[in-house]
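What follows draws every value from the coordinates through simple rules; no lab data is involved. Please read these numbers as outputs of a predicted model, since none were measured by experiment. All Cβ positions, glycine included, derive from the backbone under ideal geometry; neighbour counts span all protein chains shown.
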Amino acid sequence: MIRSFACAALALVLALAPAAGTRAADPAPEFFFKPNDRVLFLGDSITAQYQYSSYIELYLTTRMPKGNFTFLNAGIGGDTANGGANRFQNHVLAEKPTAITINFGMNDGGYGKFNPAGNKVFVEKTNAMLEMANKAGVRVALLSPNAVDRRNKSNGKEYVETQKQFYAPLKELAAKHKVSFVDQYAITRAATDRMEQDDPMAKKAVPYYDGFHTSPPGGMLMAHAILTGLHAPALVSDVTVDVSNAKADTKGCKVDKVLVEANQTVVFTRTDDALPMPIQKDWLSMLPYTNELKDLNWYGLTMKGLKDGNYTVSIDGKDVGKFSAKELAAGVNLGTVTTGPVWEQGNKVLQAINAKNALVSQRFFGVVMFNAPEWLSDVAAERKPAELKKRMEKIDAAQAEVYKLAQPVARTFAIKPE
């Protein structure tokens, strides 16, 4: 009896086990940023531009409208890993962040041939920052800088190769300290190499106005590289409507009142859990080099069973795009439209983020970085913490207003034949 029970148990185990040559699917990698994070972006002038950092912030705010994030920026023009390490305690850890991105290396490399001595300092100082962050229990995303665009930087052909060698140790450093790493150089280098083929004179696709400082398209290129490298979810929400039975399958949203009219017009109410990032018109030139944002900003609409022909999609009575029945059957991404009420709501969020970040910048450069002369040190020691707190309260109030703007609302979608 005991033997029979054991054989039966073994048979059950074998039946439930994966077949030979197969294994259970690996879980999706965990996204670096978490709700309630206090995020600090550390770096040089590219960080101080408030472009890639603001677009990362825009993604997190629209994708997690109840995320309760706080965002600070400690970028300084001309800075290096040496400067970052020297100010890490006062400019970074003193702000009590829970998550930091570190983006140094553009200036460290010297814009010329590979310099072994300079690289040694870069590695040592980056290592020091990671040690301090780990000791403080702060999550870190270590980034290699964006690749320079040799189409419009005079020494770009030389320096873009120096960059590859100069940043090579970062991956090993990240592994050593068990922190996240994004090889932004490799990702943006692949993109600009393609741009050279498509647009050799840099007339259309121009991510960096001087070859390395970002224009808004370059800020989006960098934000896409960083977010996807940190395993940001692609899905905003997705709706599939079967016209034959007026039923909808949804992800990340709710659909009510699907109405299919005799002329194939379909109307329904869609309430999303989140908003798509509002794609700026000057970002459009980067879409071919960022996977059309399918891996970052998928706001999907699929219509099954429509008769052949062309259809106009409108939201709350405003047209947002024209698609064929075949395109709609395959699924379209409304996350790349640049008009309509959903886009307008997201754009108001971006504008509010930019206004709030003016306060963040003023606090950093006017108060955090202020060093009083020795004869005023006693007064500064008393007043600086109070001023930092007062400024932070204004930033927090502005952030609360940003979140009010980011809350999704019910929208009426209509798909009408032309």
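Kindly identify the stretch 130-172 as rounded, prolate or oblate by the Cα gyration tensor criterion: order the square roots of the eigenvalues as a ≥ b ≥ c, call it rounded if a/c is under 1.5, otherwise compare a/b with b/c, prolate if a/b is larger, else oblate. Verdict is prolate for the stretch 130-172.
Over the stretch 101-215, what lengths in whole Å, largest first, do the semi-axes of the equivalent ellipsoid take, defined as the square roots of 5 times the eigenvalues of the alpha-carbon gyration tensor?
Numbers: eigenvalues 157, 46, 22 Å².
They are 28, 15, 10 Å, listed largest first.
Normalising by the residue count of the stretch 38-229, find the relative contact order in percent from Cα pairs under 8 Å and 6+ residues apart. Can you show the working numbers first?
Working: 321 pairs, mean separation 45.3, N = 192.
The normalised contact order for the stretch 38-229 reaches 24 percent.
Measuring against 22 Å, Cα to Cα, the residue pairs K348/K404; K120/K153; K281/K326; K34/K135; K153/K356 contain K120/K153; K281/K326; K153/K356 as the ones spanning a longer distance. Each residue of the stretch 325-337 is assigned a 3J(HN,Hα), and the resulting list reads 4, 5, 5, 5, 5, 7, x, 10, 9, 7, x, 10, 6 Hz, derived from the Karplus form 6.51 cos²θ - 1.76 cosθ + 1.60 (θ = phi - 60°), x at Gly and Pro.
If you take the square roots of the eigenvalues of the alpha-carbon gyration tensor of the stretch 321-418 and sort them as a ≥ b ≥ c, do you get rounded (a/c under 1.5), prolate (a/b over b/c) or oblate? It would help to have the intermediate numbers written out before the result.
Details: a/c = 6.19, a/b = 3.83, b/c = 1.62.
Here the stretch 321-418 falls in the prolate category.
Taking the number of Cβ atoms within 10 Å of each Cβ as an exposure proxy, the fewest-first ranking of L230, L359 is L359, L230.
Please state, rounded to one decimal and in Å, the Kirkwood hydrodynamic radius that the chain gives when every pair of distinct Cα atoms enters the mean of 1/r.
Numbers: mean 1/r = 0.0418 Å⁻¹.
After inverting the pairwise mean of 1/r, the radius is 23.9 Å.
Considering only the other residues whose Cβ falls under 15 Å of the Cβ of G77, what net charge follows from Lys and Arg at +1 and Asp and Glu at -1?
Working: positive: R87; negative: D44, D79, D108, D210.
Once positives and negatives cancel, what remains is -3.
Each peptide in 220-229, 82-91 receives the mean, over its residues, of other Cβ atoms within 10 Å, and ordering these scores from highest gives 220-229, 82-91. With the highest mean first, a sort of the peptides 241-253, 181-193 on other beta-carbon atoms found within 10 angstrom per residue produces 181-193, 241-253.
Return one number: the angle in degrees, 0 to 90 and rounded to the nearest 10, between the long axis of the Cα atoms of helix 116-136 and the longest principal axis of the Cα atoms of the chain. Value to nearest ten degrees: 70. Our coupling estimate for the stretch 300-305, obtained by passing each phi through the Karplus curve with A = 6.51, B = -1.76, C = 1.60 and θ = phi - 60°, is x, 9, 10, 10, 9, x Hz, Gly and Pro reported as x. Rounded to the nearest Hz, the phi-derived 3J(HN,Hα) couplings of the stretch 196-207 under the Karplus curve 6.51 cos²θ - 1.76 cosθ + 1.60 (θ = phi - 60°) are 4, 6, 7, 9, x, 9, 6, 9, 10, 9, 10, x, where x marks glycine and proline.
Cα convex hull, the stretch 199-323: 133 Å³ per residue, rounded to a whole number.
Highest first, please rank the peptides 50-61, 108-119 by the mean number of other Cβ atoms sitting within 10 Å of their residues. Walk me through the numbers on the way to the answer.
Numbers: 50-61: 23.7, 108-119: 15.4.
The packing order, highest mean first, is 50-61, 108-119.
Taking a ≥ b ≥ c as the square roots of the eigenvalues of the Cα gyration tensor of the stretch 38-229, is the shape rounded (a/c under 1.5), prolate (a/b larger than b/c) or oblate? The shape class here is oblate. The angle separating the long axis of helix 341-363 from the principal Cα axis of greatest extent in the chain is about 10 degrees.
Which value in deg cm²/dmol, rounded to the nearest 500, describes the helix-derived mean residue ellipticity at 222 nm for the chain, given -39,500 (n - 2.57) per DSSP H run of n ≥ 4 and division by the residue count? Could you put the intermediate results ahead of the total?
On the way: 12 runs with 166 residues, N = 418.
Mean residue ellipticity at 222 nm (helix-derived): -13000 deg cm²/dmol.
If you put +1 on each Lys and Arg Cβ and -1 on each Asp and Glu Cβ, how big is the dipole of the stretch 85-163 around its Cα centre, in Debye rounded to 20? Don't skip to the answer; put the middle values down first.
Details: 11 positive and 7 negative charges, 18 e Å.
Magnitude of the dipole: close to 80 debye.
Taking other Cβ atoms within 10 Å as a rough exposure proxy, R38, R151 sort from fewest to most as R38, R151.
Remark: spin-label model distance K389-A330 equals 5.9 nm, labels positioned 7 Å along the Cα→Cβ axis. Here the stretch 234-418 is treated as a Stokes sphere of Kirkwood radius computed over C-alpha pairs; at 10 °C and 1.306 mPa s its diffusion coefficient rounds to 83 µm²/s.
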